[in-house]
1. Quick check on residue 73: is it in contact (Cβ under 8 Å) with a residue 24 or more places away in the chain, surrounded by fewer than 17 Cβ atoms within 10 Å (Cβ to Cβ) and farther than 23 Å from residue 57 by Cα?
2. Identify the residue in segment 25-65 that is assigned to a loop (DSSP other than H, G, I, E, B) and modelled with pLDDT under 85 and, among all such residues, is surrounded by the fewest Cβ atoms within 10 Å (Cβ to Cβ).
3. Across segment 133-164, what is the total count of residues that are assigned to a loop (DSSP other than H, G, I, E, B) and exposed (fewer than 12 other Cβ atoms within 10 Å of the Cβ)?
4. Could you count how many residues in segment 214-223 are modelled with pLDDT of 90 or more and part of a loop (DSSP other than H, G, I, E, B)?
5. Mind listing whichever residues of segment 116-132 are farther than 30 Å from residue 106 by Cβ and either in a strand (DSSP E or B) or without any contact (Cβ under 8 Å) to a residue 24 or more places away in the chain (or both)?
6. Being surrounded by fewer than 14 Cβ atoms within 10 Å (Cβ to Cβ) and over 22 Å from the mean Cα position of the chain (by Cα): is that true of residue 256 here?
7. Scan segment 38-61 for residues that are in contact with a strand residue (DSSP E or B) (Cβ under 6 Å, 6 or more places away or on another chain) and closer than 24 Å to residue 123 by Cβ and jot them down.
8. Could you tell me which of the residues 208, 167 is modelled with pLDDT under 90, within 24 Å of residue 100 (Cβ to Cβ), crowded, with 18+ Cβ neighbours inside 10 Å and in contact with a strand residue (DSSP E or B) (Cβ under 7 Å, 6 or more places away or on another chain)?
């Protein structure tokens, strides 16, 4: 009942704010049931010109609350994200987001993002981990990870510092030069954070396109768009200098003279 009252209040707030400078946004699980509060998928509250609060719902119940902000040219998570179980008020996880500006550039690759993640089961803390990321590079373990049993630390694992830009989670396997020696692809395997038996060949790939002066032009990783990511075992490199492109897999390519980042 409490969730439905809150949901009704938020819905009314969204309608009222439609007369303000920037209206809040509603999304529905099914566009044909927009008169049913239980069909709301999420409500995005535009706190100001740069900060949004996104509340997700399942059958009228809050399942997560997240904040994002426009920083430089990127929209990134800020403050604390909270995730709830669908069938109870139990918190499943929290993520505390921090950021550090790297240098004076204003692109996404100038922001170091740090996430402190706590996971819960049956209202008990079971795991604390920390990850860092620069731009769309893969998440890199950092800090001290803790695993709990019966509310006591059962295992600890230490990684590198969270406050620097060093990424220890990608490993250079090979470098492939273009036929004219003007460009090169650096092919990296990403560290698997949690691997099951038999997954030894399932590494995702990070691929850097550089020119002959070692200037990075473009890159992809497991955090890139779905139509760009690739597993390392699926990499197939084919240079087409006439079209000024290089293929690194089926349907996946870089433009040699176009920086899309």
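1. Values: in contact (Cβ under 8 Å) with a residue 24 or more places away in the chain: yes; surrounded by fewer than 17 Cβ atoms within 10 Å (Cβ to Cβ): yes; farther than 23 Å from residue 57 by Cα: yes.
When the stated conditions are applied, residue 73 passes them.
2. Filtering segment 25-65 down to residues assigned to a loop (DSSP other than H, G, I, E, B) leaves 29-30, 34-36, 47-50, 59-60.
With modelled with pLDDT under 85 added as a condition, the list becomes 29-30, 34-36.
On the way: 29: 14, 30: 9, 34: 11, 35: 6, 36: 13.
The qualifying residue surrounded by the fewest Cβ atoms within 10 Å (Cβ to Cβ) is 35.
3. The initial filter retains those residues of segment 133-164 that are assigned to a loop (DSSP other than H, G, I, E, B), namely 135-139, 142-143, 150-151, 159-164.
Now narrow it down to the ones that are exposed (fewer than 12 other Cβ atoms within 10 Å of the Cβ): 150-151, 161.
Residues flagged as assigned to a loop (DSSP other than H, G, I, E, B) and exposed (fewer than 12 other Cβ atoms within 10 Å of the Cβ) within segment 133-164 amount to 3.
4. Within segment 214-223, the first condition is being modelled with pLDDT of 90 or more, and the residues that meet it are 214, 217-221.
Restricting the remaining residues to those that are part of a loop (DSSP other than H, G, I, E, B) gives 214, 221.
The qualifying residues number 2.
5. Taking segment 116-132 first, the residues farther than 30 Å from residue 106 by Cβ are 118-128.
Across segment 116-132, the qualifying residues are 118, 119, 120, 121, 124, 125, 126, 127, 128.
6. Working: surrounded by fewer than 14 Cβ atoms within 10 Å (Cβ to Cβ): no; over 22 Å from the mean Cα position of the chain (by Cα): yes.
Here the answer is no, as residue 256 does not meet what is asked.
7. 55, 56, 57
8. Numbers: 208 fails: modelled with pLDDT under 90.
Being modelled with pLDDT under 90, within 24 Å of residue 100 (Cβ to Cβ), crowded, with 18+ Cβ neighbours inside 10 Å and in contact with a strand residue (DSSP E or B) (Cβ under 7 Å, 6 or more places away or on another chain) holds for just one of 208, 167, which is 167.
The values are calculated or read from the model by the stated rules, or taken from the named source; none is laboratory data. Keep in mind that what you see is a predicted model, and the values were worked out from it rather than measured. Note that each Cβ is placed from the backbone with ideal geometry, even for glycine, and that neighbours are counted across all protein chains shown.
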